[in-house]
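What follows is one structure encoded as structure tokens, with my remarks underneath.
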Amino acid sequence: MLDVSGLTTRYGAISALRRVSLSVGANEVVGLIGPNGAGKTTLLNTVAGLLRPAEGEVSLDGRPVTGYSPDRMLRAGLALVPEHRRLFAQMTVVENLRIGGVTSAADERSERLDEVVELFPVLKDKWATAAGYLSGGEAQQLAIARALMSSPRVVLMDEPSLGLAPVLVDFVFDLIGRLRTEGRTMLVVEQNATRLLEVADRAYVLRTGEIAAEGPASDLLAREDLFDTFVGVSGNSDPSGSEQT
Ligand code: ATP
């Protein structure tokens, strides 16, 4: 469904990604793990259209979408839950959700609102609250719900458990498991590699901008050598421990 081929992304003279290729099949949850600075966020941001690749191709259902703007990418069926959530802090929960559904017709948008509220009941209680006043856990739920508002065929999630209290980290991984059971197609980046591998079908290990390993999540979980160089593999690695929106 999502195919990335030979992707290179540079920040000036620095190549943060070098000829990275990966694929995510329909109804698959694929993990992307690796140490800090490996290029995980760069990869998601390039695929989602926030960064332009220097080389390589991205395709969705066999259609080339390389270099699409984030808006066009959303219309093509790919939504990003960005690192640090990037909510509109001054806007209410429902306004943030409506923005997520901007690519859908009005009747479809109201159907989606009902669906995401069922998935995240806490959002109903905070309907008219400005996103900036939400707790870290609520804000993360809103960020995921906002992405689901466009009925994406593929969801990219960047560090969804970052900065959350342990009970909410459990909630996030349970949620990924639930979305997988629903047959969603997702590419998920996490520092918390072991937890991610427990809920993913397959995974890629990125190291210094290149794919260092790939395979079924259960096989990678057994490969202790892969984790030796990771920081924050089993814990939450947000150095600030913050819960910012
Ligand atoms: P982390 O887990 O710390 O978020 P990551 O695997 O997501 O790391 P990236 O944030 O994609 O890695 O960074 C990959 C490399 O690109 C790093 O060396 C980083 O310093 C560099 N980099 C990231 N953003 C920029 C930028 N805006 N300008 C220059 N270099 C950048």
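A short reminder: the numbers here are calculations on the coordinates, not readings from a lab. Predicted model only: the values in this text are computed from it and were never measured. Virtual Cβ from ideal backbone geometry, glycine too; neighbours counted across all protein chains shown.
What to note about this one:
- With the alpha-carbon atoms of segment 2-51 aligned to their principal axes, the span from lowest to highest coordinate is 37, 21, 18 Å, starting with the largest.
- Grouping the Cα pair distances of segment 1-132 into 5 Å bins from zero gives a pair-distance distribution of 2, 9, 16, 19, 17, 14, 12, 8, 3, 0 percent in increasing distance order.
- Taking the chain and dividing mean pair separation by its residue count, relative contact order in percent (alpha carbons under 8 Å, at least six apart): 28 percent
- Among Y68, Y133, Y11, sorting on how many other beta-carbon atoms sit within 10 Å of each Cβ, with the fewest leading, yields Y11, Y133, Y68.
- Calculated [θ] (222 nm, deg cm²/dmol) that DSSP helices of n ≥ 4 give over the chain, each run adding -39,500 (n - 2.57): -10000 deg cm²/dmol
- In percent, rounded to a whole number, the relative contact order of segment 1-143 is 21, using alpha-carbon pairs under 8 Å and six or more apart.
- The loop-placed trypsin sites (Lys or Arg not before Pro) in segment 47-155, going by DSSP, that have at most 16 neighbouring Cβ atoms within 10 Å of their Cβ come out as R86, R153.
- Over the Cα atoms of the chain, the radius of gyration divided by the Kirkwood radius equals 0.95; this is the Rg/Rh ratio.
- Residue with peak Gaussian network fluctuation, the chain [Cα springs, cutoff 10 Å], from Q90, Q141, Q191: Q90
- Whether segment 96-193 is rounded, prolate or oblate, judged on the alpha carbon gyration tensor where a/c under 1.5 counts as rounded: oblate
- Paramagnetic label zone (point 7 Å from Cα along Cα-to-C-beta, R86; backbone N under 14 Å) in segment 12-56: 41-52
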